[in-house]
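S.K.: Would you mind keeping the following structure in view while I ask a few things?
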Amino acid sequence: MIWCILIIGILLPQSLAHPGFFTSIQKIYLIHTEKDLVTSLKDYIKAEEDKLEQIKKWAEKLDQLTSTATKDPEGFVGHPVNAFKLMKRLNTEWSELENLILKDMSDGFISNLTIQRQYFPNDEDQVGAAKALLRLQDTYNLDTDTISKGNLPGVKHKSFLTAEDCFELGKVAYTEADYYHTELWMDQALRQLDEGEVSTIDKVSVLDYLSYAVYQQGDLDKALLLTKKLLELDPEHQRANGNLKYFEYIMAKEKDVNKSASDEQSDQKTTMKKKGIAVDYLPERQKYEMLCRGEGIKMTPRRQKKLFCRYHDGNRNPKFILAPAKQEDEWDKPRIIRFHDIISDAEIEIVKDLAKPRLRRATVSNPITGDLETVHYRISKSAWLSGYEDPVVSRINMRIQDLTGLDVSTAEELQVANYGVGGQYEPHFDFARKDEPDAFKELGTGNRIATWLFYMSDVSAGGATVFPEVGASVWPKKGTAVFWYNLFASGEGDYSTRHAACPVLVGNKWVSNKWLHERGQEFRRPCTLSELE
């Protein structure tokens, strides 16, 4: 038993990783940082070229002079001027040349690089970006070749992954013990190397990870085959030789054992592992991911006929009588309404400009402690804006009140969120359930009765708001907003409002939302006698 553990331990060395997040479009500033560094690098290259040009001219001059002098050394130094200049060159000019050669032209570039390095992403960010790619791969059913070739919908700037990039993605998956994705990306790296791609990584390294990932998923035959392939390239590979003996031992042992019920259970277990079920698997994940892809939407033609578009004047609100809001039914139960052209481009830019300096990693309320904390299932950056900070924010708040008929004085501040590539918020409720009695205790305004969500950008691909319980998908459209009640009029939670923000596949997504609370709505939305109305 101990021997087996030791053998497994040497199959592949573990490496450390820290869960990172590369969440926000704020990182576009890095593009400008890199551009500045390239400009600085080109200046350094020009300075080095100028220095070499000076050295070259001096060498050419001295080459011609020494060629003449060596033909008649005695006659050359017999000339008093030549004798003086020879002394001067060797005593002074060669020292000047030495100083020129030793002069470090990189000072400016190194100084700039040192200053800019404080803004560079770290290992955490790089791992976060890799995880985002893996998340998108699963959610949108993308194969590794499609991602590697950059064949994504809505892309403006096509980009390719090298074999080294694929190898790095595989390593990130490996450090998370995600052998399913390790196999996919190591296999992609190997294919690209087999096709002749020139790379800094070699097939031996790829096969080392790949064979172990396959073994961990229970495919012993393939693991053995890949290990033999590795040893053909590097017969002295110590770990591969050890693995080969171990795999052959296991296979020989299996042949001696008759098929039994325990074998069938083992096969079932292996099959499950091959599917690559995520560590953070949710029962509703399959439904959620299908809706993100625009599949599995449960809207029958009969129900569709009951959805309408209309002009809404906010119950004869003076602000909307002459210019009513455009309203569209997105869903019936729960009732989800979209307002079109409800926030202008100018207002959006002001809100974004106010939010950008404050964007921080988004948090959620811990259901037990009530404390705000970051979580792996919400990956975005957010900021909070108060109505008194800017007239535009105040005007937006009043617009929500006028159109919903709900009092916004007890609502939370306007939350602005930015989802970069891979940014998401997995299925969740906006309201507090009965097992979370202290969720909004500090606010003293009761539960979240309703949600208003502005879409402040179009998204090239992905980024839908989906409701897995009812099979609804709402797609981002700049300048629109969606509204729904989280609670029935009785105050009971509407569990059909469980929703999610799908990962952004291409582009970036800006939204802002207002959570309205129960207090102040007593006469605006009176309680009914029925629990579920």
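S.K.: For Thr480, indicate whether it is of a type in the set (Val, Ile, Thr), touching a residue at least 40 places away in the same chain (Cβ under 8 Å) and either surrounded by fewer than 21 Cβ atoms within 10 Å (Cβ to Cβ) or within 16 Å of Phe339 (Cα to Cα) (or both).
M.R.: On the way: of a type in the set (Val, Ile, Thr): yes; touching a residue at least 40 places away in the same chain (Cβ under 8 Å): yes; either surrounded by fewer than 21 Cβ atoms within 10 Å (Cβ to Cβ) or within 16 Å of Phe339 (Cα to Cα) (or both): yes.
Taking the combined requirement at face value, the residue satisfies it.
S.K.: Across the stretch 63-100, which residue is nearest to Lys51 (Cα to Cα) among those that are in a helix (DSSP H, G or I), out of contact with any helix residue (DSSP H, G or I) (no Cβ under 6 Å at 6 or more places or on another chain) and small (Gly, Ala, Ser)?
M.R.: By that ranking, first place goes to Ser95.
S.K.: May I pose another question? Might you check whether a residue that is within 51 Å of the chain's Cα centre (by Cα), surrounded by 10 or more Cβ atoms within 10 Å (Cβ to Cβ) and without any contact (Cβ under 8 Å) to a residue 24 or more places away in the chain occurs anywhere in the stretch 53-66?
M.R.: yes
S.K.: Need the failing condition index for Met456 against (1) surrounded by fewer than 21 Cβ atoms within 10 Å (Cβ to Cβ); (2) in contact (Cβ under 8 Å) with a residue 60 or more places away in the chain; (3) more than 20 Å from Pro427 (Cβ to Cβ), just the number.
M.R.: (1)
S.K.: Right, here's the next one. Would you pick out the residues in the stretch 178-236 that are closer than 24 Å to Ile250 by Cα and outside any helix (DSSP H, G or I)?
M.R.: Scanning the stretch 178-236 gives Asp178, Gln217, Gly218, Asp219, Asp234, Pro235, Glu236.
S.K.: Quick check on the stretch 20-39. Is at least one of its residues under 30 Å from His237 (Cα atoms), open to solvent by less than 60 Å² (accessible area, probe 1.4 Å), at pLDDT below 85 and not in a helix (DSSP H, G or I)?
M.R.: Of the stretch 20-39, the ones under 30 Å from His237 (Cα atoms) are none.
Within the stretch 20-39, none of the residues are under 30 Å from His237 (Cα atoms), open to solvent by less than 60 Å² (accessible area, probe 1.4 Å), at pLDDT below 85 and not in a helix (DSSP H, G or I).
S.K.: Just to be sure I understand the filter: pairs with C-beta atoms under 7 Å, separated by 6 or more residues or on different chains, first member in the stretch 421-434 and farther than 11 Å from Asn486 by Cβ, second member among the acidic types (Asp, Glu) and part of a loop (DSSP other than H, G, I, E, B). Which pairs pass?
M.R.: What qualifies is Pro427/Glu284.
S.K.: Could I ask something else about it? Of all residues being among the charged types (D, E, K, R) and modelled with pLDDT under 90 in the stretch 136-161, which is farthest from Thr182 (Cα to Cα)? Just the residue, please. Reasoning before the result, please.
M.R.: If we filter the stretch 136-161 for residues that are among the charged types (D, E, K, R), which is where we start, we get 138, 143, 145, 149, 156, 158.
Still in the running and modelled with pLDDT under 90: 156, 158.
Numbers: Lys156: 29, Lys158: 24 Å.
This residue is Lys156.
S.K.: May I ask you to list the residues in the stretch 485-497 that are closer than 11 Å to Asp430 by Cα and open to solvent by less than 30 Å² (accessible area, probe 1.4 Å)?
M.R.: Of everything in the stretch 485-497, those that are closer than 11 Å to Asp430 by Cα and open to solvent by less than 30 Å² (accessible area, probe 1.4 Å) turn out to be Asn486, Leu487, Gly493, Asp494, Thr497.
S.K.: Which members of the stretch 375-386 meet the condition of being at pLDDT 95 or above and either open to solvent by 20 Å² or more (accessible area, probe 1.4 Å) or charged (D, E, K, R) (or both)? Before you say what the answer is, go through the steps one by one.
M.R.: Looking only at the stretch 375-386, we keep the residues that are at pLDDT 95 or above, and these are 384-386.
Listed by number, the list holds a single entry, Trp384.
S.K.: From (1) modelled with pLDDT of 90 or more; (2) open to solvent by 90 Å² or more (accessible area, probe 1.4 Å), pick out the condition that doesn't hold for Trp3.
M.R.: That leaves (1) as the condition not met.
S.K.: Now, a different point. Do you know which residues across the stretch 468-496 are in contact with a helix residue (DSSP H, G or I) (Cβ under 7 Å, 6 or more places away or on another chain), hydrophobic (A, V, I, L, M, F, W, C) and assigned to a strand (DSSP E or B)?
M.R.: The answer is Phe483, Trp484.
S.K.: Residues in the stretch 95-105: is at least one in contact with a Cys (Cβ under 6 Å, 6 or more places away or on another chain), at pLDDT 90 or above and β-branched (Val, Ile, Thr)?
M.R.: The answer is no; no qualifying residue exists.
S.K.: A follow-up question, please. Report, by residue number, each residue of the stretch 123-135 that is within 12 Å of the chain's Cα centre (by Cα) and either over 18 Å from Lys287 (Cβ atoms) or among the acidic types (Asp, Glu) (or both).
M.R.: Those that are within 12 Å of the chain's Cα centre (by Cα) and either over 18 Å from Lys287 (Cβ atoms) or among the acidic types (Asp, Glu) (or both): Glu124, Asp125, Gln126, Val127, Gly128, Ala129, Ala130, Lys131, Ala132, Leu133, Leu134.
S.K.: Assuming Asp390 fulfils every condition listed in (1) at pLDDT 65 or above; (2) under 20 Å from the mean Cα position of the chain (by Cα) apart from one, which condition is it?
M.R.: Condition (2) is where Asp390 drops out.
The values are calculated or read from the model by the stated rules, or taken from the named source; none is laboratory data. Only a predicted model underlies this, so the values are computations on that prediction, with no experimental measurement involved. Using ideal geometry, Cβ is built from the backbone for each residue, glycine included, and neighbour counts are taken over all protein chains shown. Just the protein is used for accessible areas: all its heavy atoms, side chains included, with ligands, DNA and RNA removed. Shrake-Rupley method; radii C 1.70, N 1.55, O 1.52, S 1.80 Å.
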